[in-house]
Amino acid sequence: MPQDHGFHRVRITRVVQETDNTRTYVLDAPFTYRAGQFVTVRTCGTLRSYSMSSSPDTDDELMTTVKRVPGGLVSNWMHDHLEAGDVIETTRPAGAFCLRETAVPLVALCAGSGVTPILSLVKSALATTDRRVRVLTANRDAGSVIFAATLEELAGRHPGRLEVRHHLDDRRGLLTEAELREFAGGHPGADFYLCGPVPFMDLAERALLSLGVDPGQIRVERFTPAPDEPLGEERDGTVTVVLSRKRETVGQHSGETLLQSARRAGLTPPFSCESGHCATCIARVTEGEVRMRVNDALEDDEVEEGWVLTCQSEPVTPHVTVVYED
């Protein structure tokens, strides 16, 4: 069986105002998790995934950090309404943006709230390994730097092991590929962890690849939903979806995922990131075979048992049946 991706009621014990538009929610949740993972919150009739800023190796409390997004349905509601004592629904922690067992340096490149899982990783790397750690954060100005004091305190406790550099747009202009290459260039054999808005991620990946970094050494964390694409050409074959005791069958279309097929069948399957990272959309293939474009959430043994991320799975046989858990 796969890990539990159902929802659980958890109580908020404290709320910490990190910056003017960023809050940390401390949760009374007895979950086990790995540094770099996230929980998916169900509220306002939808789902959003938020990374832990705590580390299981250094913190007694589980903390997730949320930045207010202009026009954002869930982040604005959470900031405006949630206080200590309130109860929210979350999944157990999930995600594969985690530390490898290795002694090579860790180089983290992050922007804005992308520092949240990076802080979790940095805490664990410093507490459980002898690895050198370098962190570059990119923000508009000093007031928007999340966890600035925490990172400074960690650097003070680990001199010679942790180096933190803050790029501030109001002082140096927009971050450039050259600056990223300069920061990362001294450690071509490091593990690189990237998290932030899409333009930043694209810039950072280009910089690392231009340095000759092996793509296998680059770990990325994205929570950007992919919009539904127009239907591809109809082809021979069917997709059967079983969800909440309903069974619907539709024809296959080229380039269409199982999640898109389920929606086209009139069903409302669970989903969140639609990027292959959160496992909210997990289901089991009981007939036929599929190909996953991205899988950063399921373990190899889960895949062998037939579990797939429906947002990333395309049929490769004429007939496919997929069953969602009740």
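Kindly indicate whether residue 146 is at negative phi, touching a helix residue (DSSP H, G or I) at 6+ places or on another chain (Cβ under 8 Å), touching a residue at least 40 places away in the same chain (Cβ under 8 Å) and surrounded by 13 or more Cβ atoms within 10 Å (Cβ to Cβ). Judged against the criteria, residue 146 is a match. Regarding segment 104-114, can at least one residue be identified that is surrounded by fewer than 16 Cβ atoms within 10 Å (Cβ to Cβ), out of contact with any Lys or Arg (no Cβ under 8 Å at 6 or more places or on another chain) and of a type outside the set (Gly, Ala, Ser)? Within segment 104-114 (the criterion being surrounded by fewer than 16 Cβ atoms within 10 Å (Cβ to Cβ), out of contact with any Lys or Arg (no Cβ under 8 Å at 6 or more places or on another chain) and of a type outside the set (Gly, Ala, Ser)), the answer is no, since none of the residues qualifies.
Of the residues 175, 154, 136, only one is in a strand (DSSP E or B), crowded, with 18+ Cβ neighbours inside 10 Å and not assigned by TED's automatic domain parsing to the domain that holds residue 47; which? Answer to the selection: 136. Of the residues making up segment 52-97, those that are of a type in the set (A, V, I, L, M, F, W, C) and either touching a Pro at 6+ places or on another chain (Cβ under 9 Å) or within 14 Å of residue 10 (Cβ to Cβ) (or both) number 9. Among the residues of segment 286-297, are any in contact with a Gly (Cβ under 8 Å, 6 or more places away or on another chain) and more than 26 Å from residue 48 (Cα to Cα)? The answer is yes, given that some residue of segment 286-297 is in contact with a Gly (Cβ under 8 Å, 6 or more places away or on another chain) and more than 26 Å from residue 48 (Cα to Cα). Note on segment 14-71: among residues that are among the aromatic types (Phe, Trp, Tyr) and part of a loop (DSSP other than H, G, I, E, B), the one that is nearest to residue 83 (Cα to Cα) is 31. Looking across segment 43-67, the residues that are of a type in the set (D, E, K, R) and crowded, with 18+ Cβ neighbours inside 10 Å come down to 48, 67. Checking each residue in segment 281-311 for being closer than 19 Å to residue 262 by Cα, out of contact with any helix residue (DSSP H, G or I) (no Cβ under 8 Å at 6 or more places or on another chain) and not in a strand (DSSP E or B) picks out 288, 289, 306. Every condition in (1) among the small types (Gly, Ala, Ser); (2) at pLDDT 90 or above; (3) over 27 Å from the mean Cα position of the chain (by Cα) is met by residue 232 except one, and the failing one is (2).
Could you go through segment 253-269 and let me know if any residue there is surrounded by fewer than 22 Cβ atoms within 10 Å (Cβ to Cβ), in contact with a strand residue (DSSP E or B) (Cβ under 8 Å, 6 or more places away or on another chain) and more than 26 Å from residue 47 (Cα to Cα). Scanning segment 253-269 turns up at least one residue that is surrounded by fewer than 22 Cβ atoms within 10 Å (Cβ to Cβ), in contact with a strand residue (DSSP E or B) (Cβ under 8 Å, 6 or more places away or on another chain) and more than 26 Å from residue 47 (Cα to Cα). Taken over segment 178-207, the criterion of being buried (at least 23 other Cβ atoms within 10 Å of the Cβ) and of a type in the set (A, V, I, L, M) is satisfied by 180, 194, 204, 207.
The values are calculated or read from the model by the stated rules, or taken from the named source; none is laboratory data. Keep in mind the model is a prediction, meaning the values are calculated, not measured. Using ideal geometry, Cβ is built from the backbone for each residue, glycine included, and neighbour counts are taken over all protein chains shown.
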